[in-house]
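J.: One structure is given below, represented as structure tokens, and several questions about it will come after.
Every number here is computed from the coordinates shown, using simple stated rules; none is lab data. All values derive from a computational prediction rather than experimental measurement. Neighbour counts run over all protein chains shown; Cβ positions are idealised from the backbone, glycine included.
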Amino acid sequence: MVILLFILFLILTVITYIVFKKDIMAPPFIFCAMYTFSIGLALTEYSNWELSSYSFSAFSIYFGGAIIFVMMAVLSNQSINALYGTSDYIFKENEIKNQYVNKFFLLLIIVVDLVALVLLIKDVKSLTGGGSLSHMMEVYRSLTSYSSKAQLPGYDQQLTKFVTASAYICGFLLINNFMSKNYNKYILLLALPEIIYCIYSIYLSNRLNLLQLIAALVVYYCFLKSVKNGNIIGSVKLLFKVLIVFITMLLLFYLIRLMVGRTSSSGTGVIDYLAMYVGGPVKLFDLYMQNPLKSDFWGKETFYGLIRNLRSFGLVNFPDYISHKEFRSINGIGLGNIYTAYRPWIADFGIGGMLILQSIFGLFFNSLYFLIKKINYYHHIFLLILYGYVITPVFMHPIDDHFYSMFFNLGFVSYLIIFYLIYWILTRKFKI
């Protein structure tokens, strides 16, 4: 049955590519392509994971969830076409322009990023007891994954937002100004916040941050390529470039595994390792549907961030808890504890709630994307930067939910404020 599921997702990927005018940035294409890749990697472990006995319930939710997302894409596209016309905004060639960057504030941002990195390294060493980077990351991941008390100081958590926002903003400006071909030697300074963010993420033992940043940079590149050359998002050449970046990104994910404390995988090959992390949720979700666990209070897994906010204000009396899910195995093979985005929704609200949450998820991202395509988004740079940051839950859906946990909390509001402030001061001319 899982082979049939792979074939159906492969067909859906081709259909969405054709129906949405060969637009590789269209959310339905990204959604179906990512699931196709995840299921394809799972098939490499077909015998070891007993995928021949894949449950009908897991099959139905996988395929049904994709149909819902594609339907929301069609509905969003048709509704926006009815309001704004059927034609997307058409760019003329060479419309891309060099964006002004305030050098003083860029240097100030880099200094703050470096200070944040130094403080993080100091606090991680203090929390873990020091040692090699690999040892510290293994201890850090173990401490923070299984205890809500072993956490970094509050200032590290706030500085993380600053480092994150500066990386995305400077990443966009770097790509834009490089493509404009009207830049000076200072353009290389725009690369420093991204480099610092990558090192910062490694010390947080969080490789997903790196993948999300790269995904956002690819989104920026594709949008800006259309501005530069005139709406060529559907070009085959661009598709191959994205595939090369995607493959490189996965190899990087594998190569730095020991650096971030995944020492148990030292003898694991690249295909087996990627199958575990990207394809593992396929089998884990199947195991979950065969033996489901239900949350003991409202929104426990889905709205973890929101519940923490409400709890801190004394508005709810839910117990303190960590967000990590149970680990599962098959035939003595540990598969981890990542179950796709559907798992927390079903655990909290059942199948009916999952259908509603998936519909909202699809409606939001598809409406946002098709609305952006109707306007001259190059006149709304901040919106474009923010879009690259928030679109990552579509890429990550086969792995875990990054939408409701990411958006529905006060932390996201502070992210929006920090994003805007950094963008505003960085692109304004001030006399110092």
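J.: How big is region 27-147 in terms of Cα radius of gyration and Dmax, in angstroms?
T.: 24.6, 61
J.: Okay, moving on. Nothing charged except the Cβ atoms of Lys and Arg (+1) and of Asp and Glu (-1): what's the magnitude of the dipole of the chain about its Cα centre? Round to the nearest 20 debye.
T.: 1300
J.: In µm²/s, what is D for region 295-432 at 10 °C and 1.306 mPa s, where D = kT/(6 pi eta Rh) by Stokes-Einstein and Rh is the Kirkwood radius from Cα pairs?
T.: Details: Rh = 17.5 Å.
In µm²/s, the coefficient rounds to 91.
J.: Another question about this same structure. In region 189-215, which residues have a backbone nitrogen under 19 Å from the label point lying 7 Å from residue 143's Cα in the Cα-to-Cβ direction?
T.: The answer is 200-207, whose backbone nitrogens lie closer than 19 Å to the label point.
J.: Tell me, what is the percent relative contact order of region 1-157, built from C-alpha pairs under 8 Å that lie six or more residues apart? Please list the in-between numbers first.
T.: On the way: 76 pairs, mean separation 27.1, N = 157.
That works out to 17 percent.
J.: So which trypsin sites (Lys or Arg not before Pro) in region 282-366 pass both tests, a DSSP loop state and at most 12 other Cβ atoms within 10 Å of the Cβ?
T.: Numbers: sites: 283, 294, 300, 308, 311, 325, 328; in loops: 294, 300, 325.
When the trypsin sites (Lys or Arg not before Pro) of region 282-366 are filtered for loop state and at most 12 Cβ neighbours within 10 Å, 294 remain.
J.: Suppose we take every Cα in the chain and form the convex hull; what volume per residue is that in Å³?
T.: About 156 Å³ per residue, rounded to a whole number.
J.: Next up: So what J values fall out for region 177-192 if you push phi through Karplus, 6.51 cos²θ - 1.76 cosθ + 1.60 with θ = phi - 60°, rounded to Hz, Gly and Pro as x?
T.: Result, rounded to whole Hz: 5, 5, 6, 6, 6, 10, 10, 10, 5, 6, 4, 5, 5, 5, 7, 5.
J.: Taking the number of other C-beta atoms within 10 Å as the exposure measure, put 32, 170, 222, 198 in order starting with the fewest.
T.: 198, 222, 32, 170
J.: For residue 53 paired with residue 252, estimate the spin-label separation in nm (one decimal), with each label point 7 Å from Cα along the Cα-to-Cβ line.
T.: 4.1
J.: Test of understanding: in a Gaussian network model of the chain with alpha carbons linked when under 10 Å, which of 297, 172, 31 would top the mean-square fluctuation ranking?
T.: The residue that fluctuates most here is 297.
J.: For residue 324 paired with residue 413, estimate the spin-label separation in nm (one decimal), with each label point 7 Å from Cα along the Cα-to-Cβ line.
T.: In this crude label model, residue 324 to residue 413 measures out at 3.1 nm.
J.: Here is a further query. If you place +1 on the Cβ of every Lys and Arg and -1 on the Cβ of every Asp and Glu, how big does the dipole about the Cα centre of region 61-214 come out, in debye to the nearest 20?
T.: 280
J.: Take the cross-link list 21/373; 228/373; 185/225; 283/325; 92/429 and give me the ones stretching past 20 Å between alpha-carbons. Walk me through the numbers before you get to the answer.
T.: Values: 21/373 13 Å; 228/373 15 Å; 185/225 22 Å; 283/325 15 Å; 92/429 28 Å.
Distance filter (> 20 Å) returns 185/225; 92/429.
J.: If you rank 420, 221 by fewest surrounding Cβ atoms within 10 Å, what's the result?
T.: 420, 221
J.: Then there is this: Only helical DSSP H runs with n ≥ 4 go in: add -39500 (n - 2.57) per run for the chain, normalise by residue count and round the 222 nm mean residue ellipticity to 500 deg cm²/dmol.
T.: Mean residue ellipticity, 222 nm, calculated: -21500 deg cm²/dmol.
J.: What does a probe at residue 104 reach in region 162-194, counting residues whose amide N is under 16 Å from the point 7 Å along Cα→Cβ?
T.: No residue qualifies, since no backbone N sits under 16 Å from the label point.
J.: For a quick check: with amide H placed at 1.01 Å from N, whose amide H comes under 5 Å from residue 303's, ignoring anything fewer than 5 positions away on the same chain?
T.: Excluding prolines and chain starts, which carry no amide H, there are no hits.
J.: May I pose another question? What is the set of long-range amide H partners of residue 336 at a cut-off below 5 Å, with H atoms built 1.01 Å from backbone N?
T.: Under 5 Å from the amide H of residue 336: 328.
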